[in-house]
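The values are calculated or read from the model by the stated rules, or taken from the named source; none is laboratory data. Because the structure is a prediction, the values reported are computed rather than measured. Every residue, glycine among them, receives a Cβ derived from its backbone with ideal geometry; neighbour counts consider all protein chains shown.
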Amino acid sequence: METHAKVVIIGGGIVGCSILFHLAKHGWKDVVLLERSELTSGSSWHAAGLVHTLSSDPNVSLMQNYTINLYKEIERISGQAVGLHTTGGLYLASTPERLDFLKQERSKARYLGLDQEFISLDEVARLNPLIDTRKYLGALYDPIDGHVDPSGATYAFAKAARHFGARYYRHVPVIETNQRADGSWDVVTRDDTINAEIIVNAAGLWAREVGHLAGIDLPVQPMEHHYLITDKIPELQGVGHELPSGIDYEGNFYFREEMGGLILGTYEPTSTPWMIDGTPQDFGHELLNPDLERISERLEIAFDRIPALASAGIKNVINGPFTFGPDGNPMIGPVPGMRNYWVAVGVMAGFCQAGGVGLCMAEWMINGEPSINVAAMDIARFGDYATREYGTIKSAENYERRFLLTYPNEELPAGRKQKTTALYDRLVARGAVMGVSFGLEHALWFAGDPAKAKETPSYRRSNAFEHVAEEVAAVRSNVGAIEIANFAKHEFNGPGAEEFLDSLLAGRLPKIGRLALTPMLTPKGTLCGDLTVARLDSETFFIFGSGVAQAMHQRWFEDHLPRTGVTYHNRSNNWHGIALSGPKSRELLSRITRENVSADGFKFQDIRRTTVGGVPVMLVRLSFSGELGYEIYCAPQYQLKLFEQIEEAGSDLGLRLYGARTLMSLRLEKSWGVWSLDYRSDFTAAESGLDCFVRFENHENFIGREAAVVERERGPEKRFATFVVETDDIDAHGNEAILHNAECVGYVTSGGYGHRVGKSIALGYVPSDLVSDDLAFEIELLGERKPATIVMNPLYDADGGRMRS
Ligand SMILES: Cc1cc2nc3c(=O)[nH]c(=O)nc-3n(C[C@H](O)[C@H](O)[C@H](O)COP(=O)(O)OP(=O)(O)OC[C@H]3O[C@@H](n4cnc5c(N)ncnc54)[C@H](O)[C@@H]3O)c2cc1C
């Protein structure tokens, strides 16, 4: 075996083999995969092999589409049959809510260019005569769905990788991974050691154990999973075609034809995490003891909907483990805080996703960034709160909800209160409905009465609507207070901080005591941050940014940090805080600080270290509400005191607590996007409109400059736009198709109701030449095309007079 490789991949399941293939195909030949046993020896060999495109995240759907289309290619290159059966796939809805979900998916598929279409129940019966269509309200059909032979597909990736010059070795367990001072890794096996510039943990069922070799705990958990294979079913004789595969969203089960019978798999409501304390090293090509009792409730639903199953003999019952992560999506990419250590773990639908995972990993390693936005799969979407225990709890929740829909306004219950602030109990006592963001609890809206603090999950306007309207009214007329602990705060210090940030950020750096808004770009000119930078003194800067993206940003900052001259710390947990918003916020603030906060004494975009409510703070004059406002950041131990002072001082000013839902509504009326929804690496500065903050003059060396200049000269192909939508009880929330002349021309990135202006608003991207307020558009909301028009200026306080007052 060689003693050096550019990349060593640990694990020869479908995921590791796909990464090997993509690296080699894209030009990195010096890549090696090590497998402890035979290829497929983890969960890959016993999978049911179903492949489908539908997923909650649009980019994951695209990746699944890519994976399915790749199978023919790897079969051709490798000469290894993958057993691809393109049967088409049925997504079946048995309740109005699930039909809404499918309609929402159809709208998304339209802009993604996926070929999904609703078919009639008669057509369902023709395609699959075993289904009792009376039990369903509708069906979406995807012609490219089907199934593959799991072993064939895995070997095809490995052999195709070899065709491009990569190598794989079987029966070579990795027993140590030791990092050298130069950042490379010594990958130690029983007999040899390979020095690798980069290592990839793709160890599937053993991802945790391989992680431990490098001192990391990955929040993944293998889960037991059953599927049955029936004997031949007489009703299938003479059907004349292979049945399409299918998913029943309410029953949480899937099925496909197998040798004249059916395969039926279910995700039971009480899951069974497997080997919580670790996967045994000697576990191999084995199955677990079946326990049909566990899945009996789901089987009954399936028997009711596919009656022939009830009388079919069961030929085989498979119970095998496979690995989930905390939100059900894969965890891929470079691990924050580590050098040259990558993962591709928690890939729970490997046969749907491995191709896309391999492609994204290879592009990311070779080009520095993947060609699609992988935020929904990035390992850095989790922080240190995602412990191994958290991983088990959330993986179990995800397993149990595998095909159950999560509403856009729904917050999942498992693993809650993992991180709380000093205000948690107070906010709950004031009737807060809590949500979670990067593990931290935060208020979504206030019901007033804690007994009523519960939101109905829905695609339509929920019971939060009236409460949010009241919170908005208070912010507009008086003053509102919102906890802002969940914003990210990054601190940079040192004589080299200015030069470093100047090269990292596309915008200008502010003077001492001031703030500036700035995008951060990748070398290709796509957005990797939408940030507020503050200069406290000549060598101290703070960057305020998205809380959920903080570990991604931290990784970016650390990757670019020079060896000397600048220090960086993620201070998000060190600075909590409260924002005041509304015309009376200055009055309130002036009652609890000795600082001069008059319009001239503390100007828009000023920042100052001072005291408020008697505690040390960083006081900022900025507000995401579009009203006069202040952000007051303090250490967590001071937050309760600050809160009490604010409540007391605001009692006769009409002070009202407000939550994230209100903030999201307020900013829509200002046409301000938010990171991860409207601003993300799918878009460039010019497309998003954030180019107005880019400083091109006398700013030669910032990352992404070249690409941004080219785009400025050429003009962006698409642009961010604000739409007013004519609708009654439902608002856009993201991923809906935007149509013009009945053709899909773009999609919504976020939306909701603007209570100050009394309009339903959607933000999204459409071709630049269509950004005009005299064209007619439609936005497809739950299957209905609602008329929409673009507004060229913010709907509320277009000149910013209130905010700057
Ligand atoms: C019953 C069942 C049905 C399923 N049905 C489907 C389906 O229909 N469609 C679908 O898309 N997915 C399905 N899955 C899920 C699918 O099997 C997994 O998503 C997929 O196998 C994950 O692949 P992987 O490469 O990440 O992990 P694994 O297959 O677990 O591969 C990891 C590999 O790493 C190797 N390894 C571990 N430690 C070391 C070490 N120290 N040194 C060297 N090598 C090491 C292991 O031997 C193993 O071969 C199913 C799973 C089960 C259990």
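Summary table below
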quantity	calculated
Residue that is nearest to the ligand (Cβ to nearest atom) [pool: residues in region 342-373 that are surrounded by fewer than 22 Cβ atoms within 10 Å (Cβ to Cβ) and in a loop (DSSP other than H, G, I, E, B)]	Ala349
Output for region 297-341, where each listed residue is closer than 20 Å to Ala396 by Cα and more than 16 Å from the ligand (Cβ to nearest atom)	Glu297
Condition check for Thr387: more than 24 Å from Asp142 (Cβ to Cβ), within 12 Å of the ligand (Cβ to nearest atom) and hydroxyl-bearing (Ser, Thr, Tyr)	no
Scope region 602-636; condition at pLDDT 95 or above and hydroxyl-bearing (Ser, Thr, Tyr); matching residues	Thr610, Thr611, Ser625, Tyr630, Tyr633
Single unsatisfied condition, Ala396 versus (1) at pLDDT 95 or above; (2) over 25 Å from Glu197 (Cα atoms); (3) among the small types (Gly, Ala, Ser); (4) within 13 Å of the ligand (Cβ to nearest atom)	(4)
Residue selected from region 16-61 under the condition closer than 13 Å to Tyr168 by Cβ, hydrophobic (A, V, I, L, M, F, W, C) and near the ligand (Cβ under 7 Å from one of its atoms), by the criterion surrounded by the most Cβ atoms within 10 Å (Cβ to Cβ)	Leu34
Some residue of region 124-142 being within 16 Å of the ligand (Cβ to nearest atom) and assigned to a loop (DSSP other than H, G, I, E, B)	no
Members of region 349-366 found to be of a type outside the set (Gly, Ala, Ser) and touching a residue at least 60 places away in the same chain (Cβ under 8 Å), listed by number	Phe351, Cys352, Gln353, Val357, Leu359, Cys360, Met361, Glu363, Met365, Ile366
Glu197 vs. criteria modelled with pLDDT of 95 or more and either touching a strand residue (DSSP E or B) at 6+ places or on another chain (Cβ under 6 Å) or farther than 15 Å from Ala5 by Cβ (or both)	yes
Some residue of region 482-504 being in contact with a helix residue (DSSP H, G or I) (Cβ under 7 Å, 6 or more places away or on another chain) and in a helix (DSSP H, G or I)	yes
Test: residue in region 563-572 that is closer than 30 Å to Gln645 by Cα and in contact with a helix residue (DSSP H, G or I) (Cβ under 8 Å, 6 or more places away or on another chain)	yes
Filtered residues of region 252-301 (kept if without any contact (Cβ under 8 Å) to a residue 60 or more places away in the chain, under 25 Å from Val51 (Cβ atoms) and of a type in the set (D, E, K, R))	Glu258, Glu286, Arg298
Some residue of region 687-707 being part of a helix (DSSP H, G or I), within 28 Å of the chain's Cα centre (by Cα), without any contact (Cβ under 8 Å) to a residue 12 or more places away in the chain and more than 29 Å from Val468 (Cα to Cα)	yes
Residue list for region 176-206, restricted to those being part of a loop (DSSP other than H, G, I, E, B) and either within 14 Å of the ligand (Cβ to nearest atom) or not small (Gly, Ala, Ser) (or both)	Arg180, Asp182, Arg190, Asp191, Asp192, Ala202, Ala203
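Listed here are the residues, each with its yes/no results for (1) assigned to a strand (DSSP E or B); (2) modelled with pLDDT of 95 or more.
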site: Met275; (1), (2): no, yes
site: Asp282; (1), (2): no, no
site: Asp304; (1), (2): no, yes
site: Asn319; (1), (2): yes, yes
site: Gly328; (1), (2): no, no
